[in-house]
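In what follows, a structure is listed as structure tokens, so that the remarks can point back to it.
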Amino acid sequence: MATSTVFVSGANGFIAQHIIKQLIAKGYNVIGSVRTAEKGDALKKNLNSDKFQYAIVRDIQVEGAFNEVFKNHPEITIVLHTASPLSFVVTDFEKDLLIPAVDGTKNALNAVIEFAPQVTNVVVTSSCASIYTLSKEKDASVTFDESSWNEITWEQAKENALTAYIGSKTFAEKAAWDIMETKKPHFTLTTVNPMYVFGPQAFNSEVKDTLNASAEIINNIIKLKSTDDVPALAASFVDVRDVAAAHIVAFENKQAASKRLLLSSSTFSSQGILEVLNENFSTLKGKLPVGKPGTSKEDTDKLARFNNDATRKILGFEFIDLKKCIIDSVEQVLAVKGKI
Ligand code: NDP
């Protein structure tokens, strides 16, 4: 069993809760940062483990935000920086998304450089958003891989909430690699770059009417009526449990040092998700749109390709497939709502 202490920023987030659950199961001690004691207490109650404690970091973008955590916890040897704003309901794109993401990442890495000489590995949760360029997303002749970089500029990123989120992840990841290049710190960096992250919540108490941005895509599909149009969405996904496992491989496997791990299980479309739901949930039958069964491939064939062979080799596990991911997510929601 592992006994090192891992710091996880944004500990109450959808992905981070799964990471912490898996870390504790493997024997790691975990210190997670949350914005308020209320969020920390709720997470501690769910985890029900003396291997978890929380620290308050109210706002990652404030200079020195993480300094106290590292001053107070010289036992931390691994840092997983997951915290970053993920919302498309924002008013000021630069202030609400771009700046907190970039400054939060710089603050985390700079605090490790200044106050945590014992840290060996830093893992930053980046995104497929820093890999693919939006204008090429629907160009089937393009293939993105771990070496691809989004070509978005800061000015383009300020255009709307979507471009701002995409830009926030791109510029935050760039800031992390820049620090590695210019400051040559004592730790290795790995980034985890997931596609759309679906899957169940780590705890049933997290099943709220509205879920975090990506899980809400599935939640919205089960809120549709049979007469509604099928939402026009096709992209690639990865299950949250695999995203969590990849964060652990990112520091446990030496092959992952200085790498970007592109996490993609397969493509999906709203049509394909509806087919899984209509075939597997008798309680939903007749309540959801049927669309045009069998046409999902027509939507996904139009997309740019993602090649993550190099990542799969490092990870050494098979990704959870769409059917299992959707069934597990929706079973949980329906069970919590007493609809199954
Ligand atoms: P969540 O919204 O569930 O979690 C985000 C976490 O970051 C929360 O703990 C949130 O705290 C914290 N946070 C955000 N802004 C601040 C801030 N200014 N100060 C302090 N804490 C802050 O999102 P996910 O779990 O889905 O995402 C986690 C990471 O994964 C993010 O970096 C995201 O960009 C990345 N990612 C997610 C994908 C997805 O499909 N979900 C895909 C690719 C990458 P609070 O809850 O208190 O606001």
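Mind listing the long-range amide H neighbours of residue 139? Cut-off is under 5 Å, sequence gap 5 or more, other chains count too, H placed in the peptide plane at 1.01 Å from N.
Placed amide hydrogens put 304 under 5 Å from residue 139.
Please work out the Cα center distance from segment 312-340 to segment 33-56, rounded to the nearest Å.
Cα centroid to Cα centroid, the span is 25 Å.
Cα atoms only: what Rg and Dmax, in Å, come out for segment 275-317?
For segment 275-317, the Cα-based Rg and Dmax read 16.2, 43 Å.
Sort 195, 180, 1 by Cβ crowding within 10 Å, fewest neighbours at the top. It would help to have the intermediate numbers written out before the result.
Values: 195 25, 180 15, 1 6.
Fewest-to-most ranking of 195, 180, 1: 1, 180, 195.
Placing one identical point scatterer on every Cα of segment 257-340 and ignoring solvent, what is log10 I(q)/I(0) from the Debye formula at q = 0.11, 0.14, 0.15, 0.20 Å⁻¹?
-0.42, -0.63, -0.70, -0.98
Say each of residue 2 and residue 213 gets a label point 7 Å from the Cα, pointing the same way as Cα to Cβ; how far apart are those two points in nm?
2.7 nm
Can you run phi through the Karplus equation (6.51, -1.76, 1.60; θ = phi - 60°) for segment 181-186 and list ³J(HN,Hα) in whole Hz, with x for Gly and Pro?
Once rounded to whole Hz, the list reads 5, 8, 9, 6, x, 7.
Would you mind giving the average projected area, over all directions, of the Cα convex hull of segment 67-176 in nm² with one decimal?
7.6 nm²
Determine the distance separating the Cα centre of segment 124-145 from the Cα centre of segment 183-202; give it in Å without decimals.
Spelled out, the Cα-based centre of one part sits 16 Å from the other.
At a 10 Å Cβ-Cβ cut-off, how would you order 81, 186, fewest neighbours first?
Details: 81 27, 186 12.
Starting with the residue having the fewest Cβ neighbours, the order is 186, 81.
Return the long-range amide H neighbours of residue 262 (sequence gap of 5 or more, or a different chain), with a cut-off of under 5 Å between placed amide H atoms.
Amide H neighbours of residue 262, under 5 Å, 5+ apart: 193, 311.
For the chain, state the semi-axes of the equivalent ellipsoid (square roots of 5 times the eigenvalues of the alpha-carbon gyration tensor), sorted largest first and rounded to whole angstrom. Provide the component values of the computation, followed by the final result.
Details: eigenvalues 208, 110, 69 Å².
The answer is 32, 23, 19 Å, longest axis first.
Quick check on segment 233-287: take the gyration tensor over C-alpha atoms, sort the square-rooted eigenvalues as a ≥ b ≥ c, and tell me if it's rounded (a/c under 1.5), prolate or oblate.
Verdict is prolate for segment 233-287.
Which peptide among 60-72, 321-333 comes first, and what is the full order, when sorted by highest mean count of other Cβ atoms within 10 Å?
321-333, 60-72
From the phi angles alone, apply the Karplus equation (6.51, -1.76, 1.60; θ = phi - 60°) to segment 101-117 and give each ³J(HN,Hα) in whole Hz, x where the residue is Gly or Pro.
Each residue's phi maps through the Karplus curve to give 5, 5, 5, x, 5, 4, 4, 5, 5, 5, 5, 5, 4, 7, 10, 9, x Hz.
Quick one: order 191, 182, 267 by neighbouring beta-carbon count within 10 Å, fewest to most.
182, 267, 191
Can you list the lysines whose alpha carbon is less than 19 Å from that of residue 44, not counting same-chain residues fewer than 8 positions off?
In chain and number order, the partners are 21, 26, 208.
I'd like the Karplus ³J(HN,Hα) series for segment 288-300: coefficients 6.51, -1.76, 1.60, θ = phi - 60°, whole numbers in Hz, and an x wherever there's a Gly or Pro.
Those phi angles translate into 10, x, 9, x, 10, x, x, 9, 3, 4, 4, 6, 6 Hz.
Using R₀ = 41 Å, calculate the FRET efficiency as 1/(1 + (r/R₀)^6) where r is the Cβ-Cβ separation of residue 134 and residue 205; round to 0.05.
Using R0 = 41 Å, I get an efficiency of 0.70.
Read-outs throughout are calculated quantities, based only on the coordinates presented, and are distinct from any laboratory measurement. If you're wondering where the values come from, they're calculated on a predicted model, not measured in any experiment. Methodologically, a virtual Cβ is constructed for each residue, glycine included, from the backbone with ideal geometry; neighbour enumeration extends over all protein chains shown.
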